[in-house]
Amino acid sequence: MTVMFSEAPRSAEHVAGPTRSPSANEWVAQMTELLQPADVHWCTGTSDEFDLLTEKLVQEGSLVRLNSERRPNSFLARSDPRDVARSEERTFICSERPEDAGVTNNWRAPDEMKAELTELFRGSMRGRTMYVVPFSMGPIGSPLAKLGIQITDSPYAVISMQIMTRMGTEAVEQLGPDTEWVPALHSVGYPLIDDSGVRRDDVAWPCNDEKYIVHFPETREIWSYGSGYGGNSLLGKKCFALRIASVLARDEGWMAEHMLIIKVTSPEGRVHHLAAAFPSACGKTNFAMLQPTLPGWKVETIGDDIAWLRPDDDGRLRAINPERGFFGVAPGTGVDTNPTAVATIWGNTIFTNVALTVDGDIWWEGLTDTAPERLADWQGRPWMRGLPAPAAHPNGRFTVPADQCPQIADEWDDPQGVVIDAILFGGRRASNIPLVSEATDWEHGVFLGATLSSEQTAAAEGPVGKLRHDPFAMLPFCGYDMGDYWQHWLDVGEELGDNAPRIFQVNWFRKGADGSFLWPGFGENSRVLDWIVRRLEGSVSAVKSPAGSLPIRDEFALDGLELPAGAWNELFDVDPAAWLQESEQTTELFDRIGATVPKVLRHRLTRLRWDLVSRL
Ligand code: O2Y
Ligand code: MN
């Protein structure tokens, strides 16, 4: 089959389409009529295409080509300052019934939303090229993979999708006449020709003040308007691989999760695969690329953000990373904190909203200890060391192919995925949550996932110390009611039975009375992995607590680590009074979610409270 790499006709009647899927061809034809682009380009995903698009963006001033000796084939994009992150308040789940979206999602009636958006999309690509981006989430041909087609007028989104997904001809070839696929419509909402035919100049980062990131879970559609940034415009990622996929997963008996995947090899050479959910901005990429300080241990990366997990024919839970690249947050990623990520981005990388050095390379806070004396900041303005404002935007990003990671596991793109032995939940908690604990059973693990939270640390976030719940790290990403999602976890656990992975909770961020971190984190987290693996292998014991099973100090790998006096006890302290107080916030969360909270989780909360009262 040949894929067109040229202009396509402008009206529906003329389009036979370059795929074998009549529904795909028809959708592209209909969108062409609605969006009224100047050209249509079916993406092939070749390196020639990447070169053409990046060169075009450089010529137009939308990308800066970096110094090719320092950072070959790499580029810097600077976004509009009003378009720098996912827009949660403009993200909608448009199920037929509001109760199916649940109270934690913004809801609008699908018909109403489609009518409103159709008018915004009408003519929104006038004067621009419309790119058709066929893509596979998951290795091509994997039984766990899913196909999508993104239509976009953002060449930045195209080159990013090329890095982040299996995009182009190989995806089109998977699309048979009856293959299911997800339509993902995206426009930056900045037509170059208005309704009366008047032309305007383009800008370096076109976008629109009116933004909509919209999901139709029943019809498995994504419509995104007005933003060119990250999660709003790379529709394979959060929109498809989490929000739409979570609904597909519920209906098909699997799980789409906001989880990294790692392969851990013990000094004895035994291999275990772990999946771990952490809320956004809690160091997932760092953990996915951990370099153990404990001798003999090896950690290899399979994914840093999303996992699709499905019970296999033997009843075990298998996982793939549906992505092909990393879209990592740049500030804080440094030679000390994540040397693997720094090595990964040696070239072939798109940087967004970071600083530019005088010799044409990139920099951000935390990349090195000392900032270069002079930089251009993320908006291209002159910047000097010592200025109070950061040079890079705090949500500045690198987009890089996963196979450039020096510690990528061989299995990272195995179509069969890997068997998951343990699931970890981790938040950013200054108090209450121990360094590590093991859930007593799957149901307790679901309770730990459901109550995952971080403390609010800045007044701007709300009352300092109040919990910000992020169940399963999925609060912004679950495409349906949160209580129903918890029930789905319970159902999958029941199906897996004795084959279910063991569940652990971790917290690298606990602070002592003096406000300093009690645990060094980063590579030292290998000590926690050691305990988890030893638990899986049955070679260490544990003590019961309201938090689950806790390690015994003598059995925990502390050699060579100088923990401050008292730190161990503080790391594992479970104070009944503080826990009781926290349980009241859990009750508030459950009450907010309402009637769909599974009864077993409510009972568990009640039992926990009785246990805590008895310990006062
Ligand atoms: O702000 C954005 O558009 C990116 S958000 C993101 C990107 C990569 C991985 N995770 C996240 C997240 O918010 O969890
Ligand atoms: Mn994420």
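Below is a table of values for the structure above.
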item	result
Gyration tensor (Cα) of region 363-492, equivalent ellipsoid semi-axes in angstrom	36, 24, 15
Cleavage-rule hits (trypsin sites (Lys or Arg not before Pro)) in region 411-511: DSSP loop, at most 16 neighbouring Cβ within 10 angstrom	Lys466
Overall Cα dimensions of region 514-591, principal axis frame, Å, largest first	44, 34, 20
Average accessible surface area per residue within the chain, 1.4 Å rolling probe, Å²	38
Cα centroid separation - region 255-316 against region 31-56, whole Å	36
Reciprocal mean inverse distance between Cα atoms of the chain - Kirkwood radius, Å	25.2
Percent carbon-and-sulfur accessible area, region 326-404, ignoring ligands, DNA and RNA, probe 1.4 Å	59
Accessible area (Å², 1.4 Å probe, nearest 10) - His272	30
Carbon/sulfur fraction of accessible area - region 524-616, other protein chains in place, 1.4 Å, %	49
Net charge of neighbours whose Cβ lies under 9 Å from the Cβ of Val182, counting Lys and Arg as +1 and Asp and Glu as -1	0
Per-residue SASA entry for Asp195, accessible area with 1.4 Å probe, Å² rounded to 10	140
Heavy atoms of Trp107: accessible area, 1.4 Å probe, square angstrom to 10	80
Given charges at Cβ of Lys, Arg, Asp, Glu: the chain dipole, positive-most of Val40, Ala376, Trp442	Ala376
Alpha carbon convex hull of region 55-214, volume per residue in cubic angstrom	170
222 nm mean residue ellipticity, helices alone, for the chain (DSSP H n ≥ 4; -39,500 (n - 2.57); rounded to 500)	-7500 deg cm²/dmol
Region 41-98, accessible surface, carbon-and-sulfur percent (1.4 angstrom probe)	45
Cut-off 18 Å, label 7 Å out along Cα→Cβ of Asp414, residues of region 302-334 by amide N	302-304, 307-324
Beta bridge orientation in the chain: antiparallel %, DSSP, nearest 5	70
Three-way shape label, region 359-409, alpha-carbon gyration tensor, a/c 1.5	prolate
Projected area, mean over directions - region 326-404, Cα convex hull, nm²	4.7
³J(HN,Hα) computed for each position of region 260-270 - Karplus, 6.51 cos²θ - 1.76 cosθ + 1.60, integer Hz, glycine/proline x	7, 10, 10, 9, 10, 10, 7, x, 7, x, 8
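The values are calculated or read from the model by the stated rules, or taken from the named source; none is laboratory data. The shown structure was predicted, so the numbers you read here are calculated from the model rather than taken from an experiment. Every residue, glycine among them, receives a Cβ derived from its backbone with ideal geometry; neighbour counts consider all protein chains shown. For the accessible areas, the whole protein counts, side chains as well, though only heavy atoms, and no ligand, DNA or RNA atoms are used. Shrake-Rupley method; radii C 1.70, N 1.55, O 1.52, S 1.80 Å.
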